[in-house]
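Colleague: This structure is in structure tokens; I'll ask about it shortly.
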Amino acid sequence: MPAIDYAKGVDQFGGDESMYMMMLERFEGLTLTDSLSKLNQAMTSREWQEVRRQAHSLKGASGYIAAEKFSHTAFELQQAAESGDESRIKSAHSALSREADILLKEIHKLLGKPVGQ
């Protein structure tokens, strides 16, 4: 399963490929970076409600760009944070971090950026 369903993403923007590409760049440059930073800070301080908020935000934003697997993984972290089960939260956070790396590589490929940048 690709990290992004490109055709679905473009379709979600009414077939406007340039608008979709602009949103991918915005997601990568602002949303993902900012939310992951806040999420990691909340994980360090064990603020589960903030973890839940950031996971929820990532779930919605990634669904908007058709990054279905990442969105699902963010939802799993959101549910884990709601449960308050620290081991479940840490496991879900690790899974989301792995998916974030995969998603970033895919976005970079689509945007024509060097992978790993």
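Colleague: Tilt of helix 86-111 relative to the longest C-alpha principal axis of the chain, in degrees (0 to 90, nearest 10)?
Modeller: The angle comes out near 10 degrees.
Colleague: Rounded to whole Å and sorted largest first, what semi-axes of the equivalent ellipsoid does the C-alpha gyration tensor of the chain yield via the square root of 5 times each eigenvalue?
Modeller: Details: eigenvalues 135, 37, 27 Å².
Each semi-axis is √(5λ); the values are 26, 14, 12 Å.
Colleague: What is the extension gain from GLU17 to MET1, computed as 0.36 nm multiplied by their sequence separation minus the C-alpha to C-alpha distance, in nm to one decimal?
Modeller: Extra length from GLU17 to MET1 when fully extended: 3.7 nm.
Colleague: Please work out the average accessible area per residue across the chain, using the 1.4 Å probe convention, and give it in Å². Don't jump to the answer; show the numbers that get you there.
Modeller: Values: 6330 Å² over 117 residues.
So the chain comes to 54 Å² accessible per residue, rounded to a whole number.
Colleague: Using a 1.4 angstrom probe on the protein heavy atoms only, line up VAL115, VAL51 by accessible area, largest first.
Modeller: VAL115, VAL51
Colleague: So, one more: I'd like to know which of SER57, THR33, MET22 lies farthest towards the positive end of the charge dipole of the chain, counting +1 on Cβ of Lys and Arg and -1 on Cβ of Asp and Glu.
Modeller: THR33
Colleague: Here's another thing I want to ask about it. Calculate the FRET efficiency for SER45 and LYS8 from the Cβ-Cβ distance with a Förster distance of 41 Å, rounded to the nearest 0.05.
Modeller: Working from the Cβ atoms, E equals 0.70.
Colleague: Here's something else I'd like to know. Expressed as a whole percentage, what fraction of the accessible surface of the chain belongs to carbon and sulfur atoms when a 1.4 Å probe is rolled over the protein heavy atoms?
Modeller: Accessible surface attributable to carbon and sulfur in the chain totals 50 percent.
Colleague: Report the charge-dipole magnitude of the chain in Debye, nearest 20, computed about the Cα centre from +1 at each Lys and Arg Cβ and -1 at each Asp and Glu Cβ. Kindly include the intermediate steps, with their values, before the conclusion.
Modeller: On the way: 14 positive and 17 negative charges, 53 e Å.
Using Cβ point charges on Lys, Arg, Asp and Glu, the chain gives about 260 debye.
Colleague: Number of Lys pairs in the chain with C-alpha atoms less than 27 angstrom apart, excluding same-chain neighbours closer than eight positions?
Modeller: So the count of such lysine pairs works out to 22.
Colleague: Which of the trypsin sites (Lys or Arg not before Pro) across the stretch 1-87 are loop residues per DSSP, with 13 or fewer other Cβ within 10 Å?
Modeller: Numbers: sites: LYS8, ARG26, LYS38, ARG46, ARG52, ARG53, LYS59, LYS69; in loops: ARG46.
Sites meeting the loop and neighbour criteria: ARG46.
The values are calculated or read from the model by the stated rules, or taken from the named source; none is laboratory data. Values in this document were obtained by computation on a predicted structure and should not be read as measured data. In this analysis, Cβ positions are derived from the backbone assuming ideal geometry, glycine residues included, and neighbour counts consider all displayed protein chains. Heads up: the accessible areas ignore ligands, DNA and RNA and are worked out on the full protein's heavy atoms, side chains in. Shrake-Rupley method; radii C 1.70, N 1.55, O 1.52, S 1.80 Å.
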